[in-house]
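In what follows, a single structure is set out as structure tokens and then discussed.
The values are calculated or read from the model by the stated rules, or taken from the named source; none is laboratory data. Given the structure is predicted, the values throughout are model-derived calculations rather than measurements. Don't worry about glycine lacking a Cβ; one is built from the backbone with ideal geometry, like all the others, and counts go over all protein chains shown.
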Amino acid sequence: MSFDRRKFNQALAAAGVLSAVSPFASVRAQTKALKVGLLLPRSGIQAGIGQDCYRVVEITNPLLRELGLPALEIMSGDTESNVDVARSRAERLIGEGAQLLVGAFDSGQTTAIAQVAEQRGIPLVINIAAAPPITEQGYKFVFRNFPTAPMILGDAFANQLEVFAATGVSPKTAVFMHVNDTFGVAMQRGFTGVMKKFPAIPYKVVETIAYDPAARDLSVEVAKAKATGAEALILVSRLNDAILLTRELVKQRWTPKAVLSMGPGWYEDQYLKTLGKLADGPISFVPWYDPNKKLAQRLLAAQHKAYPDISLNTNHVYTFEALLVAADAFKRAGSAEPKALADAIRTTDIKNNVSPGPGILFNAKGQNDKLKDSAIQNRGGKLVTVAPKDAANAKPELPMKPYQQR
């Protein structure tokens, strides 16, 4: 007896075995959660920051559900603050079933992961990493919702001008100090070139000083900077060295009119808690969140409930937004198939987001080039946003109060 495919499907449908809706419905029903390989430096020199990034995981799925987005199954991989380990962990997570990767804070580690993702055809959504070359390789599976070093610098100069105008304090000389890792070197290379685009910047850089982020003694570097008599200290740091530098500033009795940071370290909770009143004053020009956006307020409330002693910061915001991109793409693709996910990420247009700017969308290179950075200042053990004006909740204060008077 002949029994063609159409009749067979009709029989299954009548028996309730085959859904009468879209032929893809059964596939979607089986894919309950997207398996996301989250790669972060949760041990090694960058452990504190990697662990901080991971804190947002606990509050992400409830927020995604509130937004009508699917849940994510997080598969964690520790890069151990090492480029080679980052590469091997990415390979392992893909082998264990990860359908999309997110990571990895550090530009060097992220570069290695991006190579693996592209070779294996698995989407990578970068949470934090600023080195420009990552999205200049022509990759088809790599996406970054985080500003590049030139973007950070451009916004930093624009926000500095706004701060100087608001306070009436315009330093005439500055020392530029930076870590000599991938991020720090990229920032140093871009600093002079981007600064030329802002002729109104009032200061002249009189000295550039590079140092090892793993250094345990930065007294020589601070002494060299102090000897210039500069009115401003401009920094690209990490957490541990930011603490070391501050202690040296206090020890050597040098308080510049302005401490201006263009990277992590100076705004982090551990910095604020470790140094107390000595932490007040520095202004960080960094990717941040817009305190006036509704989703930012929801994320802030969820973060405070889960971690009442930890401030919402860059690490949480951009890790959350990377996961938001993944969930949004998964919903729209209706599939965890890598190419379908990549195609969906490519057409991302999320306006209900957390970071400053018009929203999350990617250009042909996989970069969100519409992001805006903020200026945040340490005040009374807390962080306030002082620029740009439309994403601020406080006014800036300069010059810094001398360390010896606190």
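Would you call Ile234 outside any strand (DSSP E or B) and touching a Ser or Thr at 6+ places or on another chain (Cβ under 9 Å)? Spelling it out, it is not the case that Ile234 is outside any strand (DSSP E or B) and touching a Ser or Thr at 6+ places or on another chain (Cβ under 9 Å). For region 49-66, taking the residues that are in contact (Cβ under 8 Å) with a residue 24 or more places away in the chain and touching a Lys or Arg at 6+ places or on another chain (Cβ under 9 Å), the one that is surrounded by the most Cβ atoms within 10 Å (Cβ to Cβ) is identified as Cys53. Filtering region 138-168 to residues that are part of a loop (DSSP other than H, G, I, E, B) and either small (Gly, Ala, Ser) or out of contact with any helix residue (DSSP H, G or I) (no Cβ under 8 Å at 6 or more places or on another chain) (or both) leaves Gly138, Gly168. Please work out which one of (1) of a type in the set (A, V, I, L, M); (2) over 24 Å from Leu233 (Cβ atoms); (3) surrounded by fewer than 23 Cβ atoms within 10 Å (Cβ to Cβ) is the condition Leu101 fails and give its number. Checking Leu101 against (1) of a type in the set (A, V, I, L, M); (2) over 24 Å from Leu233 (Cβ atoms); (3) surrounded by fewer than 23 Cβ atoms within 10 Å (Cβ to Cβ), the one that fails is (3).
I'd like to check something: does region 276-283 contain any residue that is over 17 Å from Cys53 (Cα atoms), basic (Lys, Arg) and touching an Asp or Glu at 6+ places or on another chain (Cβ under 7 Å)? No - not one qualifying residue is present in region 276-283. If I filter region 386-403 for residues that are under 30 Å from Pro282 (Cα atoms) and aromatic (Phe, Trp, Tyr), do I get at least one hit? Looking through region 386-403, at least one residue is under 30 Å from Pro282 (Cα atoms) and aromatic (Phe, Trp, Tyr). Residues of region 142-157 include none that is assigned by TED's automatic domain parsing to the domain that holds Leu341, touching a residue at least 60 places away in the same chain (Cβ under 8 Å), among the basic types (Lys, Arg) and more than 18 Å from Gly108 (Cα to Cα).
A quick yes/no check of all residues on (1) surrounded by 17 or more Cβ atoms within 10 Å (Cβ to Cβ); (2) closer than 30 Å to Phe285 by Cα; (3) touching a Phe, Trp or Tyr at 6+ places or on another chain (Cβ under 8 Å); (4) without any contact (Cβ under 8 Å) to a residue 12 or more places away in the chain:
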position: Leu323; (1), (2), (3), (4): yes, yes, no, no
position: Ala327; (1), (2), (3), (4): yes, yes, no, no
position: Lys331; (1), (2), (3), (4): no, no, no, no
position: Ile345; (1), (2), (3), (4): yes, yes, yes, no
position: Pro358; (1), (2), (3), (4): no, yes, no, no
position: Gly366; (1), (2), (3), (4): yes, yes, yes, no
position: Lys372; (1), (2), (3), (4): yes, yes, no, no
position: Ala375; (1), (2), (3), (4): yes, yes, yes, no
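Looking only at region 303-321, residues that are surrounded by fewer than 16 Cβ atoms within 10 Å (Cβ to Cβ) and farther than 19 Å from Val384 by Cβ come to 2 in all. Within region 383-406, being more than 23 Å from Asp309 (Cα to Cα), free of Cβ contacts under 8 Å to residues at least 40 places away in the same chain and small (Gly, Ala, Ser) holds for no residue. Go through region 199-228 and give me each residue that's assigned to a loop (DSSP other than H, G, I, E, B), modelled with pLDDT of 95 or more and surrounded by 14 or more Cβ atoms within 10 Å (Cβ to Cβ). Residues satisfying the conditions are Ile201, Pro202, Tyr203, Leu218, Thr228.
Looking at Gly265, Gly229 in this structure, which one is on the phi > 0 side of the Ramachandran plot and within 27 Å of the chain's Cα centre (by Cα)? Only one candidate passes the filter, namely Gly265. The residue of region 240-268 that is surrounded by the most Cβ atoms within 10 Å (Cβ to Cβ), among those that are free of Cβ contacts under 8 Å to residues at least 60 places away in the same chain and part of a helix (DSSP H, G or I), is Ala242.
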